[in-house]
1. Scan the range 167-193 for residues that are open to solvent by less than 40 Å² (accessible area, probe 1.4 Å), in a helix (DSSP H, G or I) and closer than 16 Å to T261 by Cβ and jot them down.
2. Of all residues in the range 246-255 being touching a Gly at 6+ places or on another chain (Cβ under 9 Å) and open to solvent by 20 Å² or more (accessible area, probe 1.4 Å), which is nearest to I358 (Cα to Cα)?
3. I'm checking my understanding of the structure. Among residues of the range 241-279 that are over 13 Å from A161 (Cβ atoms) and β-branched (V, I, T), which one is modelled with the lowest pLDDT?
4. Could you count how many residues in the range 312-359 are outside any helix (DSSP H, G or I) and closer than 28 Å to V255 by Cα?
5. I'm checking my understanding of the structure. Among residues of the range 336-357 that are small (G, A, S) and more than 13 Å from R224 (Cα to Cα), which one is surrounded by the fewest Cβ atoms within 10 Å (Cβ to Cβ)?
6. Just one of the numbered conditions (1) modelled with pLDDT of 80 or more; (2) in contact with a Phe, Trp or Tyr (Cβ under 7 Å, 6 or more places away or on another chain) is not true of A153; which one?
7. Can you find even one residue in the range 128-139 that is out of contact with any strand residue (DSSP E or B) (no Cβ under 6 Å at 6 or more places or on another chain) and over 26 Å from T338 (Cβ atoms)?
8. If L303 satisfies all but one of (1) over 29 Å from I136 (Cβ atoms); (2) open to solvent by less than 50 Å² (accessible area, probe 1.4 Å), what's the number of the condition it fails?
Amino acid sequence: MPATTATTVERLAATPRTKARTLSPRVAFGLLTSILVSLLASSSAPTPLYATYQARWGFSAVTITVIFGVYAVAVLASLLVFGSLSDHVGRRPMLLGALVLQAGVMVVFASASGLPVLLAARIVQGLATGAAVGAIGAGLVDLHPGRGPVANAAGAMAGTASGALGSALLVQLLPAPTELVYLLLMGVFLLQAAAVVLIAETSPRVPGARRALRPVLAVPRRVRGALGIAAPSLVAVWALAGFYGSLGPSLAGIVGHSQSTILGGASLFVLAAAGSLTVVVFHRVDPRNFALAGSALMIIGVLTVLWSVSAHSIVGFFTGTFVAGAGFGGGFQGGLRTIVPLAEPAERAGVISVAYVICYLAMGLPAILAGILVVHGTVAGTARVFGGAVIALAALTGAGPLAGIVRRRGYDQTCATAA
């Protein structure tokens, strides 16, 4: 971001607030959660349309992985550059800018006339999403330290689920498949931008905005140990998301003997919806136990999915997807709850952005690799390789929390014996 832009953002943050611009904390919390949902929904909305774009513009299967990859890279770049900016200029200016930019990008998607325009739109979309997620996550924790991490995890997964299935339904059932979903999202973003003007700023202006634009991964010392514990869990669950983002629709088509976009969108929907439901229902479980249970559920779920592909069982596929999704929710929520509460208010956006950098790397890189492997092999063969890697990651992730629980119980028993 140029110096002039940074200065403009700082001036926006310094704009005097009036009583007319204040929503209650509860309403503001709901608004921020809805923004996270819509941002993640817009990121997964193009997925069911890739087959339509491919038929219209004649690009290869590898190009689909490139479209996915440029979005992930743009999000990563934005997180590195803008991730902690809202800790200095405030949450509201970052959200306003990101939402207006997202609304504009939806118009570009709706009017895309070729692959270069589609790639450009995905890049800008990734930049806007990366700039917003850190500010949203920090704002949610500002408003409610206990429920903030829960809303972060549940909102992200709910958005991924609704975007995938909602887009698939619109594509299959309504006219103008490559325009309607984007125009609807544009309207949502504009309404949310108007509502953001009415929320009270939760992060005061702190000097150092220009310095915060340097692309570094800064984690406070007291958070580093917890991040080291949580990182394997975040990597495992988002590698699972990459597995479904790249291969889920194809696998659903194999087991269901159909190329329906609804069936393809349903695979990602079930995964993310199960994760979101798990977070909401079990958010009071100890984070370490939650991560351990998530690892076990992911292993069981992915094994079931791989079996279902060989057996061509659609019931087994969606059952395994639901179980794996519950593990996704447990691992993601357990990881966030391990690190976010340790950050001070002026550090939260930066810490959450680092967590999302880990997540998007874990999701993006394997998904791109899977797309390349599919070209030189088969979908089922690639799924076995990718699924095996996810299982191995989940097993390694579960070893840490399990060892910690065993040590803690041993310590408790020793203390009881001594007493």
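The values are calculated or read from the model by the stated rules, or taken from the named source; none is laboratory data. It should be emphasised that the depicted structure is a prediction, and the values quoted were computed from it without experimental measurement. Please note: Cβ atoms are built from the backbone with ideal geometry, for glycine as well, and neighbour counts cover all protein chains shown. Calculation scope for accessible area: heavy atoms of the full protein, side chains included, ligands and nucleic acids excluded. Shrake-Rupley method; radii C 1.70, N 1.55, O 1.52, S 1.80 Å.
1. Result: S167, A168, L170, V171, V181, Y182.
2. Among them, the one singled out is S246.
3. By that ranking, first place goes to T261.
4. Result for the range 312-359: 2.
5. A346
6. (1)
7. yes
8. Result: L303 fails condition (2) only.
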